[in-house]
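To start, the structure itself, in structure tokens.
No value in this document is a laboratory result; all are computed from the given coordinates. Just so we're clear, the structure is a prediction, and the values are computed from it rather than from any experiment. Here Cβ is always computed from backbone atoms with ideal geometry, including for glycine, and neighbour counts include all displayed protein chains.
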Amino acid sequence: MSIQMILKHMDYGPAPEDSAIVQGWLDAHETGFGHYIDGVFTAPGTLFDVQNPASGESIAQVTQGTSADVDAAVKAARQAQGAWAKLSGHERARHLYALARHVQQHSRFLAVLESMDNGKPIRETRDIDVPLVARHFYHHAGWAEIAADEFPDAEPHGVCGQVIPWNFPLLMLAWKIAPALAAGNTVVLKPAEYTPLTALAFAEICTEAGLPPGVVNLVTGDGATGAAIVGHGDIDKVAFTGSTGVGKTIRRQIAGSGKALTLELGGKSPFVVFADADLDAAVEGVVEAIWFNQGEVCCAGARILVAEAVASRFEALLKARMKALRVGEPLDKCTDIGAIVHPVQLERIRALVAEGVAQGAILHQGSAPEGCFYPPTLVTNVQTASVLSTEEIFGPVVTLSTFRTPTEAVELANNTRYGLAASVWSENVNLCLDIASQVKAGVVWINCTNVLDAGAGFGGYRESGFGREGGREGMMAYLRRPGPTGEAGDLPALQPTPGGGATGDAIDRTAKLFVGGQQVRPDSGYAYAVMGAKGSAGLAGLGNRKDIRNAVEAAGRATGWAGATGHNRAQVLYYLGENMSARAAEFAVRLERLGAKPAAAKAEVEAAVRRCFWYAAQADKFDGAVHQTKSAHVTLAMHEPLGVLGIVCPTEAPLLGFVSLVLPAIAMGNSVVVIPSQPHPLAATDFYQIIETSDVPAGVVNIVTGPRDELAKTLAGHDGIAGLWYVGGCSGIAMVEAESAGNLKQTWTEADGARDWMGAAGQGREFLHRATQVKNIWVPYGV
Amino acid sequence: MPLDVAMFECHPVNRPAAERRVAALAGRRTVKKLHQAAWLVNAIRLMDLTTLSGDDTAGRVHRLCAKARQPLAPRIMQDLGIEQMGLTVGAVCVYPTMVPHAVEALQGSGIPVASVATGFPTGLIPLHLRLAEIEWAVAQGAREIDIVITREHALRQNWQALHDEVRAMRDACGPAHLKAILATGDLKTFDNVYAASMVAMQAGADFIKTSTGKEDVNATLPVSLVMMRALRRYGGVTGHRVGFKPAGSMKQAKEALRWQILMKEELGRSWLEPDLLRFGASSMLGDIERQLEHHVTGRYAASHRHAAS
């Protein structure tokens, strides 16, 4: 090779990152790694190989974690937790600060090791992963310092079990450990079996930085080890990042256990390019979206939707850009796309692409070397039903399809069971924000993509999971408000037969169901007796699964409610309070007939009226935030309603329990399907007359009376429901949480009778947080 | 070609995205060792070795031209194994009255003389005088003319006036190449830069050039990216290749690498030739020479040991 020859082709030539120091570290551990428990490494156990996917060589051996290992780790975490939580915020902050500093000082070591372990390019580990890791610990050192001031009523969960994926091994570790520790939790974390090495290096950093033993514990192993952690009886909170399939399994596995849960799962995020976008910028956006980290990115923009008007130009630009991508040796500084993490994953990508091609998709590909590599791939002629449009591929494969109008763009963008992220490209701020508001995703990037910062929340809607990581909302996932606890049993079966007894002298009233703004008879045609203090208090409709179906459909049609202003919703809530107040005596009589003492009945009605006012007041005040992230970025954290919310009311306080749950939900813009108190539903059915006279739009509140747990099960299993609040029996809680896994709806469960609905616990911001999800919208600016 | 506003009016440029692209590229591409040396040698071929100072004299210009002929010390050329390649800079760039001195000093070298003209650096003299200045410089032997645009036309989006003006200058150049200096530091917005680039090309510019070197902000990578994308689009639509010349504030060898890398990434290998890429710089050559000496000796070099330009 001579200069003259190079001048001919002007190639970049090799630019290898030196790995000698990391290789030396691996050599020093060639006998294998144990777990990191209670501040020390255990002796290696049964070992398995860890490969460098770029070379296929084994570079280390780590221990397969057993249930005994998990026990030991959880025990260490439990022992350490009390003292860790008792440290002052400042003392915890100093520890997190030390971790941040040590990560920074070992940044090149970690970057090289991560690249060797995962196959991702050194460019990314060096410029993106490791700096974000350090940033995350710095940010959360700050939260540790001020958590007591900022979250005054909150406390840590205790011991957190955390399972992380292989795509951003060290970054996901940071996202899990930093907030957990800042909040006063201790952790047992399992790194992914393909990529455990930076976690083990991090364990050494914990020791080096002087972190107290037991605060961070690492157990390596496969899915069985993860299941042992998640299922361990002494774990208080589970946090998982990974596939939606495993997320659902975990949801079912720990249903009814009382463990808190956050899930950050898969995605199939849309990348929407409008005709007035800077197309060159958008093309580069695709590179950062799907040809970043080999496409092994949960929030990758994997579905390009481009306006027909510019589609051919955009496609041509994109194909040209794809050709310039360099795929190969991850440790070469000029590599854009490294190795796929493991041959198993490579095979999965190939199989999905082959299936897509069989369905008619056309491939356009760059080049890739032999081995565990996959070329950047653009797929055209792909329909919405194609496996390439619906399945998360987790490879450098992006689909391209077109839309005609913004309305159609939104429809296609939301045509997925996921809701992690979206990227919107247009120079028209009016259009961008309109689309951002309509797209169902936890993160929306305007004219950018995959921009991450510890100061903003990250997490999904729909089957992309729940809970946020980063920012204030991320801290809330590692704190709990001491809430009511208790035990509750199942309810007796209902008797929908005549003979309940006479109900008195007044003209007979028929309580119906309330669906879509209409009073309707139950589909079953049956009614059940409602027993009061002095015998029968009347009959209530025996709702069934079809009534739930109809109610959910009606609720789903009430879409205008979420778009109404907070002021509009407040007016309606005030009006509910006004009309209830006007009929206070009537409601009090109803409550008395259901068994309340006169004074208690009066107090319950008054409390219900006050609650109307309190949530009316909140309707236009439960603000989001503008996060401090990067310079020249506005990062909006907006509270959005979940959508259609199912509510299963407590049996007692039949009016106040109903009002206390329904009002925060609708104040935030949700529409609800409510199952009132099973034994005493008639206060709620009286309430629909209030709804009818208070300008509540049809479908916003739907009421189905009947057997609590049977109806709850239908709600929990309904894919059109985004969240479910259940106050009921312990077996019902387990059932609801397990059934919710079908579409990963957010659940909030509580034992019936545990909460004092008359007291301070009966209302608060907690209800509003539960009624909303945070959408983070990133808007970089500059001319 | 006649003015065609459709080629730029529906083409917004997103500045944060452009800045992200160049920032990311710094980590995505690099050249090391022998390849770095070759890329630096190439940068010399692309250089418009420049002096544009009020105190320029015949002597100053002669010294510059000597350096243009022999940009690297013979020992370095030898150690690089390129003593036979006839390495020179791309051109020597001077004020009009210095053109005769440069032409004389470069006789027989094949190195073209480039002259700034049209009331450089602001261009705020009557058009007929600007055109006369071009004609005079060409008559003195300048083979390349670096004109300045009337920024007012761009700032007021009077694209027709800008097109007419550059067209007239193009005609005045005759056989000489025209490089249109957009003075991007004055235009400020990337939309303006993109539009002015496109208008200059439509009016017949052979090169578009960022800066006079006299604005507050001269060549930057993001503004260069915007201009390169305009070149690419213009080439795609018309089939004509227009060259690019970043100028001003470029002092270091590594900048020569970053601009070449950006050019190669956005436009491809064939744009790394003197007919399509030039660097307007004066002190950058000295740094390149030091880096190349380091490459061949392994020892860090000092510029006072190299021939001054």
- Message: Quick check: the distance between the Cα centres of segment B:221-274 and segment A:637-655, to the nearest angstrom?
- Response: 58
- Counting Lys and Arg as +1 and Asp and Glu as -1, what is the net charge of the other residues whose Cβ lies under 11 Å from the Cβ of B:T50? -1
- Item | Alpha-carbon centroid distance for the pair segment B:75-154 / segment A:196-263, whole angstrom | 68
- Note on the structure: When A:S19, A:S731 are ranked with the fewest other C-beta atoms within 10 Å first, the list becomes A:S731, A:S19
- Note on the structure: Note: segment A:334-448, point scatterers on Cα, Debye, no solvent; log10 I/I(0) at q = 0.10, 0.15 Å⁻¹ equals -0.36, -0.78
- For segment A:1-39 and segment A:698-728, compute the distance between their C-alpha centroids and round to whole Å. 56
- Message: Angle check, please: helix A:545-557 long axis (alpha carbons) against the longest principal axis of chain A (alpha carbons), in degrees 0 to 90, nearest 10.
- Response: 70
- Whole-number percent relative contact order across chain B, with pairs defined as alpha carbons under 8 Å at least 6 apart: 20
- Query: In segment B:275-307, which trypsin sites (Lys or Arg not before Pro) are in a loop and have at most 12 other Cβ atoms within 10 Å, using DSSP for the loop call?
  - Reply: B:R299
- Query: Reachable lysines from A:K512, Cα under 17 Å, same-chain residues fewer than 8 places away excluded?
  - Reply: A:K546
- Output the pairs from A:K333/B:K188; A:K621/A:K713; A:K268/A:K333; A:K86/A:K745; B:K32/B:K214; B:K179/B:K251 with a Cα-Cα distance over 24 Å in this structure; if there are none, say none. A:K333/B:K188; A:K621/A:K713; A:K268/A:K333; A:K86/A:K745; B:K32/B:K214
- Item | Principal-axis tilt of helix A:598-619 within chain A, Cα atoms, nearest 10 degrees | 40
- Residues A:F613, A:F274, A:F202, sorted so that the one with the fewest Cβ neighbours within 10 Å comes first: A:F613, A:F274, A:F202
- Message: For chain A, take the longest principal axis of its alpha carbons; what is the angle in degrees between that and the long axis of helix A:429-438, to the nearest 10 within 0 to 90?
- Response: 60
- What is the order of A:C334, A:C649, fewest Cβ neighbours within 10 Å to most? A:C334, A:C649
- Message: Under 20 Å between alpha carbons, and skipping anything fewer than 8 positions from A:K8 in its own chain: which aspartates and glutamates qualify?
- Response: B:D79, B:E83, B:E265, B:E266, B:E273, B:D275
- Given Cα pairs under 8 Å that are at least 6 residues apart, what percent is the relative contact order of segment A:403-492? 23
- Item | Calculated SAXS-style log₁₀ I(q)/I(0) at q = 0.05 Å⁻¹ - the protein assembly as shown, Debye, Cα scatterers | -0.41
- Message: Need one number: % antiparallel among DSSP beta bridges in segment A:20-265, to the nearest 5.
- Response: 35
- Item | Residue range of chain A that is longest and free of trypsin sites (Lys or Arg not before Pro) which are both DSSP loop and sparsely packed (at most 13 other C-beta within 10 Å) | A:1-403
- Over chain B: helical MRE at 222 nm, DSSP H runs n ≥ 4 each giving -39500 (n - 2.57), nearest 500: -15000 deg cm²/dmol
- Within chain A, helix-based [θ] at 222 nm, where runs of 4 or more DSSP H residues each add -39,500 (n - 2.57), nearest 500: -12500 deg cm²/dmol
- Determine one quarter of the surface area of the Cα convex hull of chain B, which equals its mean projected area, and express it in nm² to one decimal. 15.1
